[in-house]
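Here the structure is laid out as structure tokens; the discussion comes afterwards.
Read-outs throughout are calculated quantities, based only on the coordinates presented, and are distinct from any laboratory measurement. For clarity, every value in this text was computed on a predicted model and none was experimentally measured. Using ideal geometry, Cβ is built from the backbone for each residue, glycine included, and neighbour counts are taken over all protein chains shown.
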Amino acid sequence: MTNIENKIFSSYQRDSQLYDEIFDEEGAIKQVYQKLFNLYGEHSIEDYVKLNSKAKSSFFNQGITFQVYGDKETKEKIFPFDLFPRIIDPEEWEIIEKGSIQRSKALNLFLWDIYHDKNIIRDGIVPMDLISSSANYLDQMNGVDPPGGIYNHISGIDVIKHKDGKYYVLEDNIRCPSGVSYVICNRTALKRALFGVFNHYQTYSVTNYAENLLDLLESVKPQGVDIPNCVVITPGMYNSAFYEHSYLAKTMGVELVEGRDLFVENDFVYMKTIKGPVKVDIIYRRIDDQFLDPLEFKSDSAIGVPGLFAAYKKGNVTLANAPGTGVADDKAVYTYMPQIIKYYLDEEPILNNVHTYHCSRPEELKYVLDHIHELVIKPVDEAGGYGISIGNRLSTSEIELVKEQIIESPRKYVAQPIMSLSVHPTYIDETEEFEQRHVDLRTFTVLGKDKEFVLKGGLTRVALQKGNLIVNSSQGGGSKDTWVLKNI
Amino acid sequence: MPLEYCIRYNTTNTYENKVHSAYWQFLIIPETNESQDLITTDFNNSLAAMNEFSINGYGFSTIRVNPRKNFQEITFNAEFKVLKKDANPFEFDPSQNIKEDYLRLNSLNFKVDFDQFLKNTPFTTLPDSSMGLYQLDDTLSLFDNLQALNTWTYQSIYFKVGVTDVNTTLNNIITKKYGVCQDFTHLFCAIARNNKIPTRYVSGYLHQGNGYFGDSQMHAWAEAYIPTIGWVGFDPTNNVLVASNHIKVCHGKDYQDCAPLKGIVCSQGQNETQYSVQVISRQQ
């Protein structure tokens, strides 16, 4: 069967400038997708309209909705989902999995170091500014040994495939990375809508995330605790990720609590229950550092637990992730990841970093000035996308202006090549067709004491607007079920 | 000859309506260090709630109170006895090591070791327009420079209670020229840190002699790190070096790290706080 005969792809427009996940450069279907392509081709587009609405109702029925803040009427929405899964073959997956573990471990060692001896700074590998000017560096964590030596229990590493067919890391999220519940729910929805397709592939399960998470969290219980009691703490039902918090608590078989359900007495943490106080040993926290404890951080935090940080500092409770991990997911730290991996693990990075040119280094400055049209120029001290210039969208006079700014204060700028995210056929409601959309992949890595776990799947996020490179759900992104194959 | 001090700290909070939930954290216990020993600690509250002895984020001793019942008034009484060594603040020769001190301030290892007390916080940040407010003289020793800064700070602000509060910025203080001990200390810290000298904010008690009125509040001063000497205390509110009548509780980057009392009280309506500190000395 060829493309043309495939009903649902008959009007699929392929932009040959983009890296398509399922078609090669000549437009031939890639091997791993062949069976799926044939199976989907047995249906008509009309069938997909029906199946798609069935899948959507599955999300509503499971209660998997989120709220968009700021709208006049707060409306429950579902995270847009589409029926065509992304497939990752075993060979590619091995790279992603090993690379994610390598990065997570390196970040963990980096965090230990910068909260203890700070050797990486003394040895001149990373600059002092990374900690002295980071708002996320917590002085209170200096010298604190987190139980089991783990800071980033859960890491959400975002990878993309560039047009060279290689995986690159875009961001390391190690505060409270979210999205894992969608991975599992996407699978459930696809199974309900198109169960038959799973008979033709040997796909890894994603439903084992919760048990592995609990197992690894329990491996870093506080000292002296025999059978630890774990809870998930949420800011509350109005938080946009509340569904995920409740889902994780439910599937781990532990209590979901809010700050007011806990209290600290003599530096131990307890949960209020109708049978009296129950000691809590491990807290999977989904609230930010600054809101954890109103006596130590933001005093107007109504969602924290007074005295929690003292209990943590005394080693009586495990917090996952540890307070202060946010310092390592700064943009600035990202640019040093290859050096950080080399320094702590003496290994070459398995996953690529998007190369960063520091304009403060003369030889790199020259390259940047000569290649502005193919680079993204970013000021180092701005956040939220301010001051970013995308080279190929600048006019000649704008390029000259940017050059002048860089020459004036080279220390202020870094530059990166313009990355092109791969595209994947995605069912689009409005046109009722499959179209190319940019995708990335959020992976979930869990570190425990001497063991680790990577969820074999992850969240493929889709930029639903044509040509858009931003995949965040707050920006109207959707998602896809992501299959990791046991064999081809 | 050691001096014995007795410190009494009392505070009463009264609320218009019943309070259902409250937490307090006191950071008022004198620490034990090379120049002072805490001998006894006595702390109680009028509701007979449990007094939990713990630590703050930087490891200094705290007392937390969480009365698990409704109330409209609560009184806390604390009494500490401290033995203070009679130290001479001038027991070193500062003129010896001028060059070495300045060299060490600029070394990477030094900056890493003292990072916490080299970075300014919102409380100790001078406005850009005031960066040249005070210049060090690099022909003098660090100690002489810091002493001159201590005097300059003392002369730059008039001591006046009630003009500033805990949220007043440095900008406001240097333009209005009024402030209390924490304002003097924040200004001293800001300038010293801008000159690469690690400086910490210290909270404690000051004994000004039996019968003086200045000891009715907690006091604040600064400690600056001179590489060849160590931490040296400066009290810019009084233009003196820290001596045996300064009783230290804790240190941090600024007032925020050292706030003597933090409270999270859920109540409606007005409330009133009465607060007194007494420092009494007894020559041993």
Note to self: If you wrap a convex hull around the alpha carbons of segment A:289-372, what volume per residue comes out, as a whole number of Å³?
What the structure shows: 177 Å³
Checklist line | Links that overshoot a 28 Å alpha carbon limit, given the list A:449/B:111; A:250/A:298; A:279/B:69 | finding: A:449/B:111; A:250/A:298
Item checked: Whole-Hz ³J(HN,Hα) from phi, Karplus 6.51 cos²θ - 1.76 cosθ + 1.60, for segment B:249-260, glycine and proline x -> 9, 6, 9, x, 6, 6, 3, 3, 6, 10, 3, x
Check: When Lys and Arg each count +1 and Asp and Glu each count -1, what net charge do the other residues less than 13 Å away from residue B:117, Cβ to Cβ, add up to?
Finding: 0
Next item on the list: State whether segment B:21-62 is rounded, prolate or oblate according to the following rule on the C-alpha gyration tensor (a ≥ b ≥ c being the square roots of its eigenvalues): a/c under 1.5 gives rounded; otherwise a/b larger than b/c gives prolate, and the remaining case gives oblate.
Entry: oblate
Margin query: Net charge within 13 Å of residue B:163 by Cβ-Cβ distance, Lys/Arg positive one each and Asp/Glu negative one each, not counting residue B:163 itself?
Written below: +1
Next item on the list: Please find the FRET efficiency linking residue A:44 to residue A:405, where r is the Cβ-Cβ separation and R0 is fixed at 51 Å, and quote it to the nearest 0.05.
Entry: 0.40
Checklist line | Proximal lysines to residue A:366, defined as alpha-carbon separation beneath 22 angstrom and excluding residues fewer than eight positions away on the same chain | finding: A:378, A:403, A:412
Next item on the list: Report, as a whole number in µm² per second, the diffusion coefficient that Stokes-Einstein gives for the protein assembly as shown at 20 °C and 1.002 mPa s using the Kirkwood radius over alpha carbon pairs.
Entry: 72 µm²/s
Check: Can you list residues whose amide H is under 5 Å from residue A:173's amide H, if they're 5+ apart or on another chain and H is modeled 1.01 Å from N?
Finding: A:156, A:157, A:158
Checklist line | Approximate shape of segment A:356-417 as ellipsoid semi-axes (Cα gyration tensor, √5λ), whole Å, largest first | finding: 15, 14, 11
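For segment B:125-188, what is the Kirkwood hydrodynamic radius in Å, using each pair of distinct C-alpha atoms?
About 12.4 Å, per the Kirkwood formula over Cα pairs.
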Notebook entry, point to check: Tell me, what is a quarter of the convex hull surface for the C-alpha atoms of chain B, in nm² with one decimal?
Noted result: 15.8 nm²
Item checked: Charge dipole magnitude, Cβ of K and R +1, D and E -1 - segment B:1-49, Cα centre, debye nearest 20 -> 320 debye
Next item on the list: Pick out which of B:234, B:110, B:60 has the largest mean-square fluctuation in a Gaussian network model of chain B, springs linking Cα atoms closer than 10 Å.
Entry: B:110
Notebook entry, point to check: Across all directions of projection, what mean area in square nanometres is found for the Cα convex hull of segment A:204-346?
Noted result: 11.3 nm²
Notebook entry, point to check: Which of B:127, B:198, B:227 moves most in a GNM of chain B, Cα contacts under 10 Å?
Noted result: B:127
Checklist line | √(5λ) per eigenvalue of the Cα gyration tensor, segment B:98-258, largest first, Å | finding: 24, 18, 15
Next item on the list: Please get the size of the charge dipole for the protein assembly as shown, origin at its Cα centre, with Cβ charges of +1 on Lys and Arg and -1 on Asp and Glu, quoted in debye to the nearest 20.
Entry: 1460 debye
Next item on the list: Within segment A:164-200, find all residues whose amide N lies under 16 Å from a label point positioned 7 Å from the Cα of residue A:15 along Cα-to-beta-carbon.
Entry: A:164
Item checked: Partner aspartates and glutamates for residue B:81 [C-alpha distance under 19 Å; skip if fewer than 8 residues away on the same chain] -> B:4, B:31, B:34, B:37, B:42, B:215
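Short version: what are the Cα gyration tensor semi-axes of segment A:359-470, square root of 5 times each eigenvalue, largest first, in whole Å?
On the way: eigenvalues 231, 111, 23 Å².
Computed over segment A:359-470, the values are 34, 24, 11 Å.
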Check: Mind checking which lysines have their C-alpha under 20 Å from residue A:77, skipping anything on the same chain fewer than 8 residues away?
Finding: A:50, A:54, A:56, A:480
Notebook entry, point to check: So for segment A:223-316: antiparallel DSSP bridges make up what percent, rounded to the nearest 5?
Noted result: 50 percent
Next item on the list: Have a look at A:311, A:13, B:17 and report the one farthest towards the positive end of the charge dipole of the protein assembly as shown, computed about the Cα centre with Cβ charges (Lys/Arg +1, Asp/Glu -1).
Entry: B:17
Notebook entry, point to check: What pairs from A:163/A:456; A:221/B:119; A:342/B:99; A:30/A:98; A:105/A:466; A:272/A:313 go past 27 Å between their alpha carbons?
Noted result: A:221/B:119; A:342/B:99; A:105/A:466
Item checked: Charge tally in the Cβ shell below 12 Å around residue A:80, where Lys, Arg are +1 and Asp, Glu are -1, residue A:80 excluded -> +2
